[in-house]
Structure formats: structure tokens, C-alpha cells
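Okay, so here's the structure we're looking at.
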Amino acid sequence: MAQIGTFTRSEDGSFVGTIRTLNINIKATIKPAAKENERAPDYRVTANGVELGAAWSKAAKDSGAEYLSLKLDDPSFTAPVYASLVQGDNGEHKLIWSR
């Protein structure tokens, strides 16, 4: 698992940070979204005013630790990117990529 981003949580519940890979380096925001149904995402991910993905609130089975499960996609990607936003030390949140 590789860290591809770092975010900080704002008072309004959104996360602001940067996503960095070999091909992208963008500032992004993960904002709470109004749920239209029970399967709808809890958050929307945007960069430069364009929706880049969605996130769902989850809890780890063993520890109960809360995290966000993200799906990022863009026409420039060969496939969607799945990642988890987990709380790290010192209040930052780490975006961890997985396949």
C-alpha cells in the first residue's frame, strides 16, 4: 500500500489536501454529500471544480476505527483508483492507494 495523498479535516467536516502519483499532483477536496439513498456516497471528491470521485464512511472490523473508502476516476486513468483515507498522527489524514 502506498500513500498518495495527505489531507486535513476542516471544521465543516470536509477534507482538504493533495493527491500525488507519478501522473497527477492536484489539490483536492472531499466534501460531505447529501445522501439520495442508502448506497449513495457520503462524500464527493473534487479537484479544480471537477468531480473526481466519491467516498463512503466505513469502520474497521477489528478496531472500529473510522475511515473513508474512496473511488477516484477520470478519463485519463486506465482504471478507477481505490483508496482509503485514514487518520494518521498529528491530525493529518493519509490517502492510501490499493488495488
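Here is how the numbers come out for the structure above:
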| read-out | value |
| --- | --- |
| Sole residue being acidic (Asp, Glu) and in contact with a Gly (Cβ under 8 Å, 6 or more places away or on another chain), chosen from 89, 73, 42 | 73 |
| Residue ID - surrounded by the most Cβ atoms within 10 Å (Cβ to Cβ), chosen from residues in the stretch 6-26 that are of a type in the set (S, T, N, Q) and over 12 Å from the mean Cα position of the chain (by Cα) | 21 |
| Residue match in the stretch 6-16 (condition: touching a residue at least 24 places away in the same chain (Cβ under 8 Å), of a type in the set (Lys, Arg), out of contact with any Asp or Glu (no Cβ under 8 Å at 6 or more places or on another chain) and outside any loop (DSSP other than H, G, I, E, B)) | yes |
| Tally, over the stretch 81-91, of residues that are loosely packed, with under 13 Cβ neighbours inside 10 Å and of a type outside the set (Gly, Ala, Ser) | 2 |
| Evaluation of residue 70 against (1) modelled with pLDDT under 90; (2) part of a strand (DSSP E or B) (one fails), failing number | (1) |
| Residue count for the stretch 35-67, restricted to those that are surrounded by 12 or more Cβ atoms within 10 Å (Cβ to Cβ), in a loop (DSSP other than H, G, I, E, B) and of a type in the set (D, E, K, R) | 1 |
| Tally, over the stretch 47-87, of residues that are within 20 Å of residue 14 (Cβ to Cβ), in contact (Cβ under 8 Å) with a residue 40 or more places away in the chain and among the small types (Gly, Ala, Ser) | 1 |
| Single condition residue 78 does not satisfy, out of (1) in a loop (DSSP other than H, G, I, E, B); (2) touching a strand residue (DSSP E or B) at 6+ places or on another chain (Cβ under 8 Å) | (2) |
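The values are calculated or read from the model by the stated rules, or taken from the named source; none is laboratory data. Every value quoted in this text rests on a predicted model; they were computed, and no experiment measured them. Methodologically, a virtual Cβ is constructed for each residue, glycine included, from the backbone with ideal geometry; neighbour enumeration extends over all protein chains shown.
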